[in-house]
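Report on the structure given below.
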Amino acid sequence: MKCEARWIEFQNVLVGVICSQVNADVMADSYHDVHDMLTKYWPQASSRPKLIGPDENPDSSFLEEFLPMVADIIDIVTLHIYTGYGLDKDLAGKITTGAYLDKYQHTLNPLVKIISEKVPKAEAWIGETAAAWHSGQMNTTNTFLSGFWYLDALGTAANNNVTAFCRQTLIGGYYELLNKTTRDPNPDYYTGLLWKKLMGTRMLRISATVNTSSLRLYAACSSSDIQANNPGSVTVAFVNIADVAFLASQAPPMGRVGTPQDLGTIEYHLIPGDGQMTLQTTAMMLNDKLLQLDSDGKLPAMDGVVRSGSVLVAPKSYGYVVFPDANFDVCM
């Protein structure tokens, strides 16, 4: 059996809380040693694994010093970002506030700028992330409630040209995507699956006329699977942290090819699935259908609902809207 190594990640959180004595120059020397080994064992650059790191918690001053020392050898710069703290007794109430969600942008944006300035050839990855560190929080980061943070963070990362988003974690802790006992998907698993299914990699500018931070929108050219049948289609991810609904009427996007008209939609509305609209539930509904594995352990069909006209966004909900006939020129 032949295995192909595509990436080599070196180290994990050696600066700050864990090991503050590790200096940037010492770490950079170690990276050059690793790069030398990669060059020795993979002499052909085309087949050589990409060097990834340093997988640190946010530290602008460290990155400013470290990255220029490895600018010619590092391929991907990884970051850890956790918005909250798992032992915070007020965490559940904070997640659906604009101030809490805005922290991701405020933390990520300056770090991405440093990466683009110091190592313009390197990609930026989120190497670890969840709504709260310290293994998350039971009945909070493993429930529908976490999805407000998750979908907003996915959109924020994509808007900041982050090319990979590694969620903490698949199994383990209280931020896990799969229940460690039953292996049933938690709500964030389905939210991430829909992102992969519906959102492409080219992000677009989008704005709402309503003056509020409660309705948060992220737009992209639709995924390649959708584009195959509907070239120029656009997908919008939405997060509504307000206690009121929003009726979103459509405005023809700049760059649309053809005559402006009412665009049909394929909608994916996610709400709590316990029947009581309890945010701290592990049950989730897609368009009023409970998402759960079938008797063979297979994932449910996750189909959208075809509609036309304005889009009604329910209170305390999130989801996606596909505009298959948008004919947006940059998405063709």
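Below, the figures for the structure above:
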quantity: Accessible solvent surface per residue of the chain, calculated while the other protein chains remain in place, 1.4 angstrom probe, Å²; calculated: 50 Å²
quantity: Calculated [θ] (222 nm, deg cm²/dmol) that DSSP helices of n ≥ 4 give over the chain, each run adding -39,500 (n - 2.57); calculated: -8000 deg cm²/dmol
quantity: Distance between modelled label sites at residue 102 and residue 45, nm, 7 Å Cα→Cβ extension; calculated: 4.4 nm
quantity: Centroid-to-centroid separation of region 1-72 and region 91-168 [C-alpha atoms, Å]; calculated: 22 Å
quantity: Percent of C-alpha pairs per 5 Å bin, region 1-116, short to long; calculated: 2, 10, 18, 18, 15, 13, 10, 7, 4, 2, 0
quantity: Residue pairs, from the table 196/289; 50/113; 118/196, whose Cα atoms sit over 26 Å apart; calculated: 118/196
quantity: Whole-number D in µm² s⁻¹ for region 153-301, Kirkwood Cα-pair radius fed into Stokes-Einstein, 37 °C, 0.692 mPa s; calculated: 189 µm²/s
quantity: Most mobile listed residue (97, 39, 278) in the chain, GNM with C-alpha springs under 10 Å; calculated: 39
quantity: Lysines with Cα under 25 Å of residue 94, excluding same-chain neighbours fewer than 8 positions away; calculated: 103, 316
quantity: Antiparallel content of DSSP bridges confined to the chain, in %, to 5; calculated: 65 percent
quantity: Debye-sum result for region 129-226 in log10 I(q)/I(0), which assumes one identical scatterer on each alpha carbon, at q = 0.10, 0.19, 0.20 Å⁻¹; calculated: -0.30, -0.95, -1.02
quantity: Cα-derived Rg to Rh of the chain, Kirkwood definition; calculated: 0.99
quantity: Residue list for region 48-81, given a label point 7 angstrom along the Cα-to-Cβ vector of residue 2 and an amide N cut-off under 16 Å; calculated: 48-49
quantity: Protection proxy ranking, peptides 40-46, 70-76, 264-270, average beta carbon neighbours within 10 Å, highest first; calculated: 264-270, 70-76, 40-46
quantity: Protection proxy ranking of 49-60, 163-174 - average other beta-carbon atoms within 10 Å, highest first; calculated: 49-60, 163-174
quantity: Accessible area of region 166-240 belonging to carbon and sulfur atoms, whole % at 1.4 Å probe; calculated: 48 percent
quantity: Debye intensity ratio I(q)/I(0), log10, region 92-138, q values 0.17, 0.18 Å⁻¹ (C-alpha model); calculated: -0.64, -0.70
quantity: Accessible-area composition of region 1-159, carbon plus sulfur, in percent [1.4 Å probe]; calculated: 53 percent
quantity: From phi via Karplus (6.51, -1.76, 1.60), per-residue ³J(HN,Hα) for region 194-199 in Hz, x at Gly/Pro; calculated: 5, 4, 4, 6, 10, 8
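The values are calculated or read from the model by the stated rules, or taken from the named source; none is laboratory data. Keep in mind that this is a model prediction, so the values were computed, not measured. All Cβ positions, glycine included, derive from the backbone under ideal geometry; neighbour counts span all protein chains shown. To get the accessible areas, we keep the full protein, side chains included, count just its heavy atoms, and leave off ligands, DNA and RNA. Shrake-Rupley method; radii C 1.70, N 1.55, O 1.52, S 1.80 Å.
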